[in-house]
Structure formats: structure tokens, C-alpha cells
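Got a structure for you, questions after.
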Amino acid sequence: MGRMMLFAWMSIAAVIVVLGLIRLAPIDPLDWNTQPEFTEDKTFRGGVFRVVRTGPDGLARFDLVASASPRTKLLAGSVEDGLATYVTRTKFLGFPDYTTARQDGDLLKVYARLRFGRSDLGVNGARIADWLDEMGIHPTLGTAPVTSPGE
């Protein structure tokens, strides 16, 4: 019985350490305030690319919605820079997801992705769809197959 109790406590301690490392992992804004070139919507295991026609004020409108979202804060960039990155943490475990939005003429390009793990289970796509909906934008989401970002 003593060994099982020791194992249980060690397991709990290991989980707490891992969760602490995830929650307190350093974030270099320069690593995350970037966006690859893309021209169309794409869904992949760890996130999404979305391209929507917003007019020239899309990033400003996006910033208002993202900044008002629970557990979301601006990490780097600004509307004035034309590129802004936000970090959103999950409610219970505090896992970070990063969303970078860039104004490209009348287009708003949004890149949302996870930091830890291999799959976001569709959370980033759902969040971006909700944010765009709050902006009054109702894009038709494609049915592209789920792939890895490098594919």
C-alpha cells in the first residue's frame, strides 16, 4: 500500500510540474509575431489559415474582438504595425494558442496555431470562426483535408 501511495503522489507531482512548465514557459514575441505567406483558407492539425475580405479596417476590428476575448492578450505587434499576435490560454490548463493577424490591403489574413502538442482538436478554427462572426464576417469555411503546416 505504501508503494502505491508513493507512486500516486509522485504522479501528481509530475503532472503539476509539467503543467507549471507549460504555464510558465518563456515566450519570445519575435518567434510568434510572424506569419507565413498564404493566399487561401487552410485547416491543419495544429491550427488554421483564414483569408477574409474586410476592407482596410479589418485588423482594427479584429483587435477589438480579440482583445475582448476571455484569456486572450496582445503578445506583440499592433494595429498600427499592420501585424498583431495574441495569445489565448485554455481555461483549465492554461495551454497557449497563438493567433497572428495581418492586414494585407482589403484582406485580413489570420494564422492561428497551437504551441504544445500535435493537434488543437479544432479549437483554433472554432475560435477564429467565432471572432470573425463577431466582426460580422461569415466566411464559407472550406472542406480542405486536415494536413500538417509543412505539407
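Mind listing whichever residues of segment 1-41 are under 30 Å from Gln103 (Cβ atoms) and either over 24 Å from the mean Cα position of the chain (by Cα) or not in a loop (DSSP other than H, G, I, E, B) (or both)? If you could, list the steps in order and put the result at the bottom.
Restricting attention to segment 1-41, the residues satisfying the condition of being under 30 Å from Gln103 (Cβ atoms) are 25-41.
Once the filter is applied, which keeps residues that are under 30 Å from Gln103 (Cβ atoms) and either over 24 Å from the mean Cα position of the chain (by Cα) or not in a loop (DSSP other than H, G, I, E, B) (or both), segment 1-41 yields Pro29, Leu30, Asp31, Trp32.
Quick one: Tyr86 ticks every box in (1) of a type outside the set (A, V, I, L, M); (2) closer than 30 Å to Val15 by Cα; (3) touching a residue at least 40 places away in the same chain (Cβ under 8 Å); (4) touching a Leu at 6+ places or on another chain (Cβ under 9 Å) bar one, so which box is it?
(3)
Now a separate question. Going through segment 9-32 one residue at a time, which ones are under 20 Å from Glu80 (Cα atoms) and either among the hydroxyl-bearing types (Ser, Thr, Tyr) or crowded, with 17+ Cβ neighbours inside 10 Å (or both)? Spell out the reasoning first.
Kept after step one, since they are under 20 Å from Glu80 (Cα atoms), are these residues of segment 9-32: 29-32.
Answer for segment 9-32, where residues must be under 20 Å from Glu80 (Cα atoms) and either among the hydroxyl-bearing types (Ser, Thr, Tyr) or crowded, with 17+ Cβ neighbours inside 10 Å (or both): just Trp32.
Select, from Pro96, Pro36, Pro70, the only residue that is surrounded by 11 or more Cβ atoms within 10 Å (Cβ to Cβ), of a type outside the set (A, V, I, L, M) and either touching a residue at least 40 places away in the same chain (Cβ under 8 Å) or closer than 19 Å to Gly122 by Cβ (or both).
Working: Pro36 fails: surrounded by 11 or more Cβ atoms within 10 Å (Cβ to Cβ); Pro70 fails: surrounded by 11 or more Cβ atoms within 10 Å (Cβ to Cβ).
Being surrounded by 11 or more Cβ atoms within 10 Å (Cβ to Cβ), of a type outside the set (A, V, I, L, M) and either touching a residue at least 40 places away in the same chain (Cβ under 8 Å) or closer than 19 Å to Gly122 by Cβ (or both) holds for just one of Pro96, Pro36, Pro70, which is Pro96.
So, in segment 42-64, how many residues would count as being assigned to a strand (DSSP E or B) and aromatic (Phe, Trp, Tyr)?
If we filter segment 42-64 for residues that are assigned to a strand (DSSP E or B), which is where we start, we get 42-44, 47-53.
Applying the additional criterion that residues be aromatic (Phe, Trp, Tyr) yields 44, 49.
Selection size over segment 42-64: 2.
Those residues that are within 18 Å of Ala66 (Cα to Cα) and over 11 Å from the mean Cα position of the chain (by Cα), I need them from segment 114-130; list them, please.
Once the filter is applied, which keeps residues that are within 18 Å of Ala66 (Cα to Cα) and over 11 Å from the mean Cα position of the chain (by Cα), segment 114-130 yields Ala129, Asp130.
Would you pick out the residues in segment 99-137 that are surrounded by fewer than 21 Cβ atoms within 10 Å (Cβ to Cβ) and among the acidic types (Asp, Glu)?
Asp104, Asp106, Asp130, Asp133, Glu134
Determine the pairs where a residue that is closer than 13 Å to Tyr98 by Cβ and in contact (Cβ under 8 Å) with a residue 24 or more places away in the chain, located within segment 116-127, has a partner that is assigned to a loop (DSSP other than H, G, I, E, B) and of a type in the set (Val, Ile, Thr) with Cβ atoms under 9 Å apart, the partner being 6 or more residues away or on another chain.
Note: pairs meeting the criteria are Val123/Thr90.
Residue check: is Leu59 under 16 Å from Thr100 (Cα atoms), modelled with pLDDT of 95 or more and not basic (Lys, Arg)? Steps first, answer last, please.
On the way: under 16 Å from Thr100 (Cα atoms): yes; modelled with pLDDT of 95 or more: yes; not basic (Lys, Arg): yes.
Here the answer is yes, as Leu59 does meet what is asked.
In segment 103-123, what count of residues is obtained for those that are within 18 Å of Leu59 (Cβ to Cβ) and not in a strand (DSSP E or B)?
Qualifying residue count for the region: 2.
The values are calculated or read from the model by the stated rules, or taken from the named source; none is laboratory data. Computed from a predicted model, the values in this text were never measured in an experiment. Every residue, glycine among them, receives a Cβ derived from its backbone with ideal geometry; neighbour counts consider all protein chains shown.
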